[in-house]
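A quick write-up on the structure given underneath.
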Amino acid sequence: MKRLRVVLLALSSLILFYACSYSCDDCVGNDQDRRCKTEAEELTSLAGEIMSSSLDNSLEKTGLIGSLEKCDLNKYSFLSDLENQFNCEIQRLSDRSRNLKSSLKTQSDYKVWEEFKEAYKSKPEIDTLLVNKKGELVYYKTISIDNKSCLNCHGNEKNMTRQFKERLSDLYPQDKAKNYLMNDLRGVWKVTFKNQQNK
Ligand code: HEC
């Protein structure tokens, strides 16, 4: 399983590298912006799959408290490798974040969030690519509660043990990421492709 993931990752890195190694400064408005969007889509899908399977593995082996860090992007070194390789920043954001650093921040975060929330009622997978004030390409994609295992840590707090709730509030005193239901909109991926001159 681990081997398969490594191979998958290596393959996708290769594809991404060739497809997105041009400067993304001039992506919007031509064929390349579509390519960049596709690559960001693949990048976030891959990251989501790897995290989700590693969460499931860990839940089975070490239980809830031992698995908390498996839902933290910073604990996955392959993500920072990809960020360096593609000169981009990969984040997850939410209007009800567990970690404050993952709250919505910029005007476009809020705007996209409102649009996604509305569109999500009829379609769970939504993504978009836009240009920010610095001229950087920014990609957003919805993250859903698409697996029952998410509810262990983001579901109804009445089902959580006292010990688990205490651990959560020690680590995340401003946690708002509980009481979600299956298929709820949980957050968004955000990939910011930095301009070539910032490399
Ligand atoms: C073992 C507990 C656990 C499970 C299971 C879990 N999460 Fe998390 N989740 C966390 C923790 C802890 C954080 C905060 C990580 C950090 O410090 O950035 C988090 C953060 C997040 C965030 C970032 C926004 C925020 O709230 O800070 C998203 C999005 C998210 N989880 C989605 C999911 C989804 C979707 C699933 C199911 C596939 C899932 N999580 C399963 C514990 C869990």
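The values are calculated or read from the model by the stated rules, or taken from the named source; none is laboratory data. Everything numeric here is computed off the predicted structure, so don't read it as measured data. Every residue, glycine as well, gets a Cβ built from its backbone with ideal geometry; the counts of neighbours run over all protein chains shown.
Okay, here's what the table says:
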read-out: Close pairs (6 angstrom Cβ cut-off, 6 or more residues apart or separate chains): within 16 Å of Ala47 (Cβ to Cβ) in the stretch 131-146, more than 16 Å from the ligand (Cβ to nearest atom) anywhere; value: Tyr139/Ala40; Tyr139/Leu129; Tyr140/Thr128
read-out: Lone unmet requirement of (1) buried (at least 17 other Cβ atoms within 10 Å of the Cβ); (2) in contact with a strand residue (DSSP E or B) (Cβ under 7 Å, 6 or more places away or on another chain); (3) modelled with pLDDT under 80 for Leu16; value: (2)
read-out: Neighbours by Cβ (under 8 Å, 6+ apart or cross-chain): first from the stretch 77-96, of a type in the set (Phe, Trp, Tyr); second in a strand (DSSP E or B); value: Phe86/Phe193
